[in-house]
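Here's the structure, in structure tokens; my notes come after.
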Amino acid sequence: MKKPVVDQDSCTGCGLCPDIASNTFKLNDDGVAEVIDPQGDDEDTIQEAIDSCPVEAISWEE
Ligand code: SF4
């Protein structure tokens, strides 16, 4: 199963990924994105969030 992972050292906390895939990502108390449910949204939606990240901080892990 593919899972999205966030490189929290790269994340700027822009908020785009939780906007796009709100069931998968959220901004945590430190203001960076974390995965709350790797299958929270369908794969296309998660891919859209990955593609939208301005610093390419999200990737798929097999
Ligand atoms: S889109 Fe990228 S930079 Fe923005 S909150 Fe998500 S992981 Fe962080």
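Values computed for the structure shown
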| quantity | calculated |
| --- | --- |
| Packing rank of 1-12, 18-29, where each peptide gets the mean count of other beta carbons within 10 Å, highest leading | 18-29, 1-12 |
| Cα-centred dipole magnitude for segment 3-61, charges only on beta-carbon of K, R (+1) and D, E (-1), debye, nearest 20 | 120 |
| Semi-axis lengths (Å, descending) of the ellipsoid that matches the C-alpha gyration tensor of the chain | 16, 11, 11 |
| Gain upon complete extension [E61, D37; 0.36 nm per residue less C-alpha separation] | 7.3 nm |
| FRET efficiency estimate (nearest 0.05) - Cβ-Cβ, M1 to N28, R0 25 angstrom | 0.65 |
| On Cα atoms only, tilt of 43-52 relative to the major axis of the chain in degrees | 30 |
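Read-outs throughout are calculated quantities, based only on the coordinates presented, and are distinct from any laboratory measurement. Since the model is a prediction, treat every value here as computed from it, not as a measurement. Methodologically, a virtual Cβ is constructed for each residue, glycine included, from the backbone with ideal geometry; neighbour enumeration extends over all protein chains shown.
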